[in-house]
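Asker: Mind looking over this structure? Questions follow.
The values are calculated or read from the model by the stated rules, or taken from the named source; none is laboratory data. The shown structure was predicted, so the numbers you read here are calculated from the model rather than taken from an experiment. Every residue, glycine among them, receives a Cβ derived from its backbone with ideal geometry; neighbour counts consider all protein chains shown. All accessible areas refer to the heavy atoms of the entire protein, side chains included, with ligands and DNA or RNA removed. Shrake-Rupley method; radii C 1.70, N 1.55, O 1.52, S 1.80 Å.
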Amino acid sequence: MTTRTGSISVNTTDILPIIKKWLYSEHDIFLRELISNASDAITKRETLGRIRNQEIPEGKVSLVIDAAKKTLTITDNGLGMTDEEVEKYICKLAFSGAEEFVQKMKNEGADHKEDIISKFGLGFYSAFMVADKVEVESLSMNEDAKPTKWVSNGDTEYTFHPSEKTEVGTQITLYLNEESKDFLELYKTRSTVTKYCDFMPYPIALEMLEEEKPEETKTEEAKTEEAKTEEAKTEEAPVKKEPEILNETTPLWKKDPATLKDEDYINFYRKQFPMDPEPLFWIHLKVDHPFELLGVLYFPKLNPNRPMNESNIKLYAKQVFVSDNVKDIIPEFLNLLKGHIDSPDIPLNVSRSSLQGDPNVKKISNYIIKKVSESLKKLFKKDREKFEKVWEDTSIFVKYGCVSDMKFDEIMRDFIIFKNADGKYMTLSEYKENIPESYKEKMKNNVIYYEQNKSDMALINQLKEESIPCIETDSYMDPHFMQNIEMKKVGDQEFKFVSIESEIENLLSSENVSEDQIKVQDLFKDILGVNKDPKEAEKSHFDVEVKSYKNSHSPAYYKVDEQMKRFQQMTKTMGQTATNMPIKKTLVINPANPLIQNVVKIWEKGDNKELAKKMCQHVKDIAAISSDGLNPEEKDNFVVRTQELVQELSKYAL
């Protein structure tokens, strides 16, 4: 063929600059686009080869860096293109509708770059983000096809030249610009290919050409010496390095789960997440109707000292990395999982980096939710011991999933477990079954809970003595989860959560209040400064009352209003402060406790009322320490008062 020139058939000359500016947010994506195109070409050649009954060589992609010429060359042995096909696919089809877009971008400005999405197939033109000049040499697999060479300097003009290419396929040579010269380094190119094309279906080889040194004038003696050196080198090792294969052509999710062992999944996880401990367990996704989806999702062991990363799940389309932002596909509560999902049915923009609204996205999301919940359900039924073992790490996302997704909640509600006061796990149904017959009528649908590290152990022990179960809850996820269970009924069971502090008096206290008990109440109110006027007491955030309890060994405890407590917990977990919403706390005194009785006797004796006051304050402090604890100021005062109290009491032992 002869050399000829042409121009892209549009009226404006600034299309390519705008593409370079707007199309991609990350310039290194050009490698993904060009290698993906190469992979597609190889796949098409294989398909046509089968149809035509032709023997096709094994597909491969090669990258060659020539630092001296400042070029990066991508070569494939795909189906190749004829002169006419190059002009059609590169020069015309890519720019259909481009003029209208250019004008729109000028009018709307920088914040509307997403409007370019899906307008035209511009993957090839990502090359001009990094290159001042691009050469395309191609030889079609068609019989009697002639090679062609296309050259462009990044504007609308291009030139066709004769080519001497002899192998079927396409070779793209990028003459890199100054801003992109880091792609002349092996590390940069290798890391970029590994990031985007780590699981491409064909091997990707990377090679760096060594710079040729100019010949030097040498003496015969020097030449002889050099020959000996070269001969020695040859005996030691080959001079030329073999190209480095960068990718794994068959990722784990493409393999048949029946052929895989646990160690295969664990080894794959270690390679992808080398800093993590071994995963708890995993789910292999495989569906081909009504959409295609493959993937492996891991349940990692949580590390509270590391912030949650929302980029743990990577999205692929036909083994090409697309994005690690999968919020439109993976529900938020599954962001704690790690792994890979691959689907050709997920709609992508031209730069393969944003999802568009599409029914398949919702279907895929629902499938993943269903698959995760069914896998957890299966684990619960088949291996309850393992389910309980991993619960500490999985409970957050399972409960969050129940709160945020109705379908997940419907499947998982019966398999949520709580740790009881003996450290054993139980479901809510099992909780009901463990309530003693003598208390079932009194408790009805109530589930008694105590807050982790915040509730009074003496109260918990009182319930244990009566064989009444109580479950442990946290203060960040469980308030929301408990409210979800109370408001959204699943099946025919109803549950109402009540804290041990607010419910214990309904279960174990005596209804009769004696005069002696009233006397104890008045004494503590006087000493602790509680207003006895009912109207004034109602306004106060602190009160004192007396209750007699069965098997009670504690001198006092704090109780708070259940609804206000729950509301305060939830506002804290949502990042809001609850300092403007003080909760009324009531100090409940046990008049049968020996310490309380001694306080009353010392007070009535009258010769050491100061000691009685100190003891009253100490009872209050102990109750606070046994529940929410003391703030820094209260803690300092407690230390001082305790020292004074012990010093005074120690006198009586001398």
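Asker: Please verify whether the stretch 292-305 includes one or more residues that are without any contact (Cβ under 8 Å) to a residue 60 or more places away in the chain, open to solvent by 30 Å² or more (accessible area, probe 1.4 Å) and among the basic types (Lys, Arg).
Answerer: No, the stretch 292-305 contains no residue that is without any contact (Cβ under 8 Å) to a residue 60 or more places away in the chain, open to solvent by 30 Å² or more (accessible area, probe 1.4 Å) and among the basic types (Lys, Arg).
Asker: If you scan the stretch 179-221, which residues turn out to be among the aliphatic types (A, V, I, L, M) and either modelled with pLDDT of 95 or more or under 20 Å from Thr71 (Cβ atoms) (or both)?
Answerer: Answer for the stretch 179-221, where residues must be among the aliphatic types (A, V, I, L, M) and either modelled with pLDDT of 95 or more or under 20 Å from Thr71 (Cβ atoms) (or both): Leu184, Leu186, Val193, Ile204, Ala205, Leu206, Met208, Leu209.
Asker: Something else now. Tally up the residues in the stretch 601-624 that are among the hydrophobic types (A, V, I, L, M, F, W, C) and farther than 20 Å from Leu459 by Cβ, please.
Answerer: Looking only at that region, the number is 6.
Asker: Now for a separate question. Just the residues that are open to solvent by less than 20 Å² (accessible area, probe 1.4 Å) and closer than 21 Å to Glu137 by Cα, please, taken from the stretch 25-54.
Answerer: Result: Phe30, Leu31, Arg32, Glu33, Leu34, Ile35, Ser36, Ala38, Ser39, Ala41, Ile42.
Asker: If you scan the stretch 396-415, which residues turn out to be touching a residue at least 40 places away in the same chain (Cβ under 8 Å) and in contact with a strand residue (DSSP E or B) (Cβ under 8 Å, 6 or more places away or on another chain)?
Answerer: Listed by number, the list holds a single entry, Asp414.
Asker: May I ask you to verify whether Asn512 is at pLDDT below 85 and either in contact with a strand residue (DSSP E or B) (Cβ under 6 Å, 6 or more places away or on another chain) or part of a helix (DSSP H, G or I) (or both)?
Answerer: When the stated conditions are applied, Asn512 does not pass them.
Asker: I'm trying to understand the selection: among the residues of the stretch 418-443, which are in contact (Cβ under 8 Å) with a residue 12 or more places away in the chain, over 16 Å from Val490 (Cα atoms) and not aromatic (Phe, Trp, Tyr)?
Answerer: Lys419, Asn420, Ala421, Asp422, Met426, Asn434, Ile435, Pro436, Lys442, Met443
Asker: State which residue is most open to solvent (accessible area, probe 1.4 Å) when the search covers only the stretch 160-184 and only residues that are without any contact (Cβ under 8 Å) to a residue 40 or more places away in the chain and more than 21 Å from Met141 (Cβ to Cβ).
Answerer: Ranking the qualifying residues of the stretch 160-184, first place goes to Glu178.
Asker: Something else: Could you tell me whether the stretch 195-206 includes any residue that is in a loop (DSSP other than H, G, I, E, B) and loosely packed, with under 15 Cβ neighbours inside 10 Å?
Answerer: no
Asker: Additional query: Residue check, Asn142 against (1) at pLDDT 95 or above; (2) closer than 28 Å to Glu87 by Cβ, all met but one. Which one?
Answerer: All conditions are met except number (1).
Asker: Still on this model: When residues of the stretch 604-635 are filtered for being over 25 Å from Glu451 (Cβ atoms), in a helix (DSSP H, G or I) and open to solvent by 70 Å² or more (accessible area, probe 1.4 Å), how many remain?
Answerer: 5
Let's see how each residue does on (1) modelled with pLDDT under 90; (2) surrounded by 21 or more Cβ atoms within 10 Å (Cβ to Cβ); (3) in a loop (DSSP other than H, G, I, E, B):
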residue: Glu230; (1), (2), (3): yes, no, no
residue: Thr250; (1), (2), (3): no, no, yes
residue: Asn267; (1), (2), (3): no, no, no
residue: Lys286; (1), (2), (3): no, no, no
residue: Pro307; (1), (2), (3): yes, no, yes
residue: Ser311; (1), (2), (3): yes, no, yes
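Asker: Among the residues of the stretch 521-551 satisfying the criterion of being assigned to a helix (DSSP H, G or I) and modelled with pLDDT of 85 or more, which is nearest to the chain's Cα centre (by Cα)?
Answerer: Going through the qualifying residues, I end up with Leu528.
Asker: Looking at Ile518 and the list (1) of a type in the set (A, V, I, L, M); (2) surrounded by 13 or more Cβ atoms within 10 Å (Cβ to Cβ); (3) modelled with pLDDT of 80 or more; (4) assigned to a helix (DSSP H, G or I), which single condition is not satisfied?
Answerer: (2)
Asker: Of the conditions (1) without any contact (Cβ under 8 Å) to a residue 60 or more places away in the chain; (2) under 21 Å from Ile330 (Cα atoms), Ala258 fails just one. Which one is it?
Answerer: (2)
Asker: Specify the residue that is modelled with the lowest pLDDT; the eligible residues are those in the stretch 145-159 that are surrounded by 16 or more Cβ atoms within 10 Å (Cβ to Cβ) and assigned to a loop (DSSP other than H, G, I, E, B).
Answerer: Thr156
Asker: Mind listing whichever residues of the stretch 269-280 are open to solvent by 20 Å² or more (accessible area, probe 1.4 Å), in contact (Cβ under 8 Å) with a residue 12 or more places away in the chain and either in a loop (DSSP other than H, G, I, E, B) or in contact with a Leu (Cβ under 7 Å, 6 or more places away or on another chain) (or both)?
Answerer: Phe273, Asp276, Pro277, Glu278, Leu280 - these are the residues of the stretch 269-280 that are open to solvent by 20 Å² or more (accessible area, probe 1.4 Å), in contact (Cβ under 8 Å) with a residue 12 or more places away in the chain and either in a loop (DSSP other than H, G, I, E, B) or in contact with a Leu (Cβ under 7 Å, 6 or more places away or on another chain) (or both).
Asker: Testing Ile329 on (1) open to solvent by 20 Å² or more (accessible area, probe 1.4 Å); (2) hydrophobic (A, V, I, L, M, F, W, C); (3) modelled with pLDDT under 90, one condition comes back false. Which one is that?
Answerer: (1) is the only condition that Ile329 fails.
Asker: Being closer than 16 Å to Phe291 by Cα, open to solvent by 40 Å² or more (accessible area, probe 1.4 Å) and at pLDDT 90 or above narrows it down to one of Lys371, Lys318, so name that one.
Answerer: Lys371
Asker: Going by the conditions given, is Val490 farther than 20 Å from Tyr449 by Cα, at pLDDT 75 or above and under 32 Å from the mean Cα position of the chain (by Cα)?
Answerer: Considered against the rule, which asks whether it is farther than 20 Å from Tyr449 by Cα, at pLDDT 75 or above and under 32 Å from the mean Cα position of the chain (by Cα), Val490 comes out as yes.
Asker: Hey, another quick one. Scan (1) closer than 15 Å to Lys496 by Cα; (2) open to solvent by 10 Å² or more (accessible area, probe 1.4 Å) for the single condition Lys389 breaks and write down its number.
Answerer: The single condition Lys389 does not satisfy is (1).
Asker: Now for a separate question. So, Leu260, is that one modelled with pLDDT of 90 or more and open to solvent by less than 50 Å² (accessible area, probe 1.4 Å) or not?
Answerer: yes
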